[in-house]
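Worksheet: one structure, shown below.
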Amino acid sequence: MRALSATVGPLTTAGGNAIALAQTPAGAGSLTLNGALVTGGVAVLDTARRVAVTTAANETGRTFTITGTSSNGKVQSETITGANAGTTYTALDYKTVTSVTISGVASGAITVGTNTVASSRWLRLDEWAHAQVGLQCDVTGSVVYKVQQTLDDPNDLTNPVSPAAVNWVDHPDALLVNATTTKQGNYGYVPLYVKVTLLSGTGSVTLTAVQAGSVAL
C-alpha cells in the first residue's frame, strides 16, 4: 500500500490583464507581454495556474498559442480558440509564460491574465495493483474544488496523448465535484492519473490517494 498526495492553492487574486494589457494585434504574431506579472518579457505567476485570454470582440476564428513552463520548470505549450467577446483559458497550468501568439488580425482588444482555476500535480496510480483506491481531500480556508481522473497517458509508448489534450473526467461521486469542505471518496477501478482542481476560493486543497496492493515508491 502507498499514499500519494498533492496540494493546490492558495492563489493570489486573479488578474485578467496581469500578463498582457489590452492590445489589438494587426496581424498574426506575438502579443506584447506587459502586464503586472511580467519582468524582462516573462510573466512569473504566483503558482502554476491557468492562463486566461479575454477578447472584446468575436475572435472564434483566431487561435492563441501559449508557451511557458510548468511547476517543475518543463517547457510546455498549447493552442486555444478565441472566444466571442468572452474568456477562454488553458488546459494546463503555467508557472511562467514566455509567449502568447495570435493566428491572425484581431477584431478587438485582447488581454491575457489569470483566473481562479488551478490543478494539483497529477498523481500516477498503479494499474497493476488492486483496484480499490481511497481518496481524501483536506481543505484549508474557503474553496470550491473537484476531483478528476483520466485514462489518457502522455507517456504511452504506442498511443501517447499530449498533456494539453488529456481528457479529464469529473469523479463519479457528486460529493467530490464542486465541493467546499473536507471529503473522502474512492475508486472501484484504477484510473491512470488523478488530480484535484481548484475552481475558486482563497484557500487550498490537499488530495491524498491510498491504493491497496501498490508498492511504496
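The values are calculated or read from the model by the stated rules, or taken from the named source; none is laboratory data. On a predicted model such as this, the values are computed, not experimentally measured, just so you know. We place every Cβ from the backbone using ideal geometry, glycine too, and count neighbours over all the protein chains shown.
Couple of notes before you dig in:
- For segment 28-75, taking the residues that are part of a loop (DSSP other than H, G, I, E, B) and at positive phi, the one that is surrounded by the fewest Cβ atoms within 10 Å (Cβ to Cβ) is identified as Gly40.
- So Gly29, is it modelled with pLDDT of 95 or more and closer than 16 Å to Thr111 by Cα: yes
- Qualifying residue in segment 111-118 (condition: buried (at least 17 other Cβ atoms within 10 Å of the Cβ), touching a residue at least 24 places away in the same chain (Cβ under 8 Å) and assigned to a helix (DSSP H, G or I)): no
Residues checked against (1) assigned to a strand (DSSP E or B); (2) surrounded by fewer than 18 Cβ atoms within 10 Å (Cβ to Cβ); (3) touching a residue at least 60 places away in the same chain (Cβ under 8 Å):
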site	(1), (2), (3)
Gly134	yes, yes, yes
Asp138	yes, yes, yes
Gln148	yes, no, no
Asn155	no, yes, no
Thr158	no, yes, no
Thr197	yes, no, yes
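- Residue within segment 131-143 that is among the hydroxyl-bearing types (Ser, Thr, Tyr), touching a Cys at 6+ places or on another chain (Cβ under 8 Å) and modelled with pLDDT of 95 or more present: no
- Condition check for Gly203: more than 14 Å from Thr150 (Cβ to Cβ), surrounded by 15 or more Cβ atoms within 10 Å (Cβ to Cβ) and more than 18 Å from the chain's Cα centre (by Cα): no
- Residues of segment 160-195 classified as part of a strand (DSSP E or B) and within 16 Å of Gly9 (Cβ to Cβ), total: 4
- Where Ala22 falls short, out of the listed (1) without any contact (Cβ under 8 Å) to a residue 40 or more places away in the chain; (2) not in a loop (DSSP other than H, G, I, E, B): (1)
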